[in-house]
Amino acid sequence: IPDINELVSRNKSPEIYPDALLIVDSTFQPTPKPQASFESSRSFYSVKHGDYGLKYQVVHSRDGRAVHVSGPHAGAKHDLNIFTDTVPIIQAILKDPNFSWSLLADKGYVGSNALEGVNVHVPNKSTDILQLYDEKDSQDLSEQRVLCENFYGRVKSRYAFARETFQGSWSIHRV
């Protein structure tokens with residue numbers, strides 16, 4: 001696990017969000033419907049994806065390397081809830097309570113700034129006319145976050161188990 005100095009040195013774009021040392025995102029892996037009661041299996045159904053599945057959250061350094069992988073989580077669990085469970089781990093990775101840091105994330109993490117000691121940059125695409133929409137800021141954020149999508153793309157193109165519907169036994173997952 002890298003320390004703060006290493007994370008700072010890995011920042012390939014220090015002029016864009018210089019305090020953001022990490023990028024966080026989740027990915028979904030479809031599964032067959034669990035052979036259980038409706039009540040037991042519905043936590044695995046993702047309305048967003050229209051399928052049953054498992055979610056994994058990956059925290060990356062700014063150069064795209066995975067720093068922490070969390071999961072599997074039930075497919076219906078919201079990214080923000082997964083992140084909330086992961087905050088103590090991220091804080092342990094950074095280890096220095098006096099160091100001001102933040103994360104880059106997508107709109108699934110809106111509200112995470114309510115967590116004590118966490119500052120998360122998320123896209124601001126408000127439809128409220130009174131709130132200014134900074135297109136350049138959102139563009140910069142998207143360009144930085146693409147590291148997560150590239151990581152998932154590499155994993156899913158290289159390993160069939162990550163891109164195909166999970167066919168293994170549900171008993172191996174402690175969700």
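Things to note:
- Screening residue 107 on (1) more than 20 Å from residue 149 (Cα to Cα); (2) of a type in the set (Lys, Arg); (3) at pLDDT 80 or above shows it passes everything except condition (1).
- Of residues in the stretch 148-175 being small (Gly, Ala, Ser) and not in a loop (DSSP other than H, G, I, E, B), the one modelled with the highest pLDDT: 157
- Filter pass, residue 93 being at pLDDT below 80, assigned to a helix (DSSP H, G or I) and closer than 26 Å to residue 143 by Cα: yes
- Enumeration of residues in the stretch 47-63 that are touching a Phe, Trp or Tyr at 6+ places or on another chain (Cβ under 7 Å) and open to solvent by 10 Å² or more (accessible area, probe 1.4 Å): 49, 52, 55
- Given (1) at pLDDT 85 or above; (2) among the charged types (D, E, K, R); (3) within 16 Å of residue 148 (Cα to Cα), index of the condition residue 51 fails: (3)
The values are calculated or read from the model by the stated rules, or taken from the named source; none is laboratory data. What you see is a predicted model; the values in this text were computed from it and never measured. Every residue, glycine among them, receives a Cβ derived from its backbone with ideal geometry; neighbour counts consider all protein chains shown. The area values use the complete protein model at the heavy-atom level, side chains included, leaving out ligands, DNA and RNA. Shrake-Rupley method; radii C 1.70, N 1.55, O 1.52, S 1.80 Å.
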